[in-house]
Amino acid sequence: MEDSLSHDTRLALDLALTVRHDGHGGTADDLAGPAGLAAWVHAHPGAVPDQAGFVADDAALAAVRDVRDAVRALFAHAVRPHEPSSIDAARLLPVHQAVELLNAAAARTPTVPVLHWTDGTEPQAQRRAAQGAAELTAVLAQAAIAFLAGPDRQRLRACHAPRCVRYFLKEHARQEWCGPSCGNRARVARHHQRHKKAA
């Protein structure tokens, strides 16, 4: 199923997942510094049209982290009536503020529709930066907007396994966790809880 995700969906999810469990009871931030941002951009070809010319500095880092905060706030809003990720529950931006931040970031790079139509195919419209290289924050914000306004948003869930802070797309009706390791951790925690109550 993951292979069928759109570029926008994958980019929005990957941005949100830069906050993760650190394996020691806390959280880790893959975007803790400019080097982390540079590594993340390098791992996401196409996130920036001029990837080779991208400079990960403190200003770029702050802007991307602001977009990520807005995305996670809107993810938390999108999964309602279910609970948001445990890390987000106590520090969410208000929805209207997250929407304004995302829209402002998306507007940093004006885009124009570009038609692609080759023999034997249906015409397809894509958006492309009107001039120059697009800012990373605009690309990320536009991807998040496309995801949140698209059909995949209906499958968005927060993983509630112990210590997990991830969001995921539900692939089948019985899926409750982001991955098998979280499912195992949740089952073990339930097992311990049952035995604790019985004792």
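Once amide H atoms are placed 1.01 Å from N in the peptide plane, what residues at a sequence separation of 5 or more from V48, or on another chain, have their amide H within under 5 Å of its amide H?
Under 5 Å from the amide H of V48 lies no amide H from a residue far enough along the sequence or on another chain.
Rank by packing, highest mean first: peptides 101-108, 26-33, 7-14, with packing defined as the count of other Cβ atoms within 10 Å averaged across residues. All intermediate terms of the calculation are to be shown ahead of the outcome.
On the way: 101-108: 18.2, 26-33: 14.0, 7-14: 20.5.
Per-residue Cβ counts within 10 Å, averaged per peptide and sorted highest first, yield 7-14, 101-108, 26-33.
What percent of all Cα-Cα pairs in the chain falls into each 5 Å bin, going from 0 up to the bin containing the maximum distance?
Result, from short to long distances: 1, 7, 14, 18, 19, 15, 11, 7, 4, 2, 1, 1, 0, 0, 0 percent.
Counting pairs of Cα atoms in region 1-71, how many percent are more than 19 Å apart?
Of the Cα pairs, 36 percent sit more than 19 Å apart.
What Cys residues in the chain have no fellow cysteine's beta-carbon under 4.7 angstrom?
If one checks each Cβ against the other cysteines of the chain, C182 turn up with nothing under 4.7 Å.
Can you give me the Cα centroid spacing of region 74-95 and region 98-121 in angstrom?
26
What list of ³J(HN,Hα) couplings, whole Hz, do you get for region 44-61 from phi and the Karplus terms 6.51, -1.76, 1.60, once you set θ to phi - 60° and write x for glycine and proline?
Ordered by residue, 3J(HN,Hα) equals 10, x, x, 5, 10, x, 10, 4, 5, x, 5, 10, 8, 10, 4, 5, 5, 4 Hz.
If you add up the charges near S85, with Lys and Arg at +1 and Asp and Glu at -1, over every other residue whose beta carbon is less than 9 angstrom from its beta carbon, what do you get? Kindly include the intermediate steps, with their values, before the conclusion.
Working: positive: R72, R166; negative: E83, D88.
Once all neighbours under 9 Å are counted, the net charge is 0.
If you take every residue apart from T137 with its C-beta less than 9 Å away from the C-beta of T137, what net charge results, scoring Lys and Arg +1 and Asp and Glu -1?
That sum, taken over residues with Cβ under 9 Å, equals -1.
Hey, could you pull the Cα Rg and Dmax for region 43-150, both in Å?
According to the Cα coordinates of region 43-150, Rg and Dmax are 16.1, 53 Å.
Among P180, A104, A28, flag the residue with its Cα farthest along the positive direction of the charge dipole of the chain, charges on Cβ as +1 for Lys/Arg and -1 for Asp/Glu.
P180
Per residue of region 155-166, what does 6.51 cos²θ - 1.76 cosθ + 1.60 with θ = phi - 60° give for ³J(HN,Hα)? Whole Hz please, x for Gly and Pro, Karplus curve as stated.
Coupling constants for region 155-166: 9, 5, 9, 9, 7, 10, 5, x, 6, 7, 10, 8 Hz.
Mind checking region 46-117 for chymotrypsin sites (Phe, Trp or Tyr not before Pro) that DSSP puts in a loop (not H, G, I, E or B) and that have at most 10 other Cβ atoms within 10 Å? Numbers along the way, then the final one.
On the way: sites: F54, F75, W117; in loops: F54, W117.
Listed in order of number, the matching sites are W117.
Every number here is computed from the coordinates shown, using simple stated rules; none is lab data. Since the model is a prediction, treat every value here as computed from it, not as a measurement. Here Cβ is always computed from backbone atoms with ideal geometry, including for glycine, and neighbour counts include all displayed protein chains.
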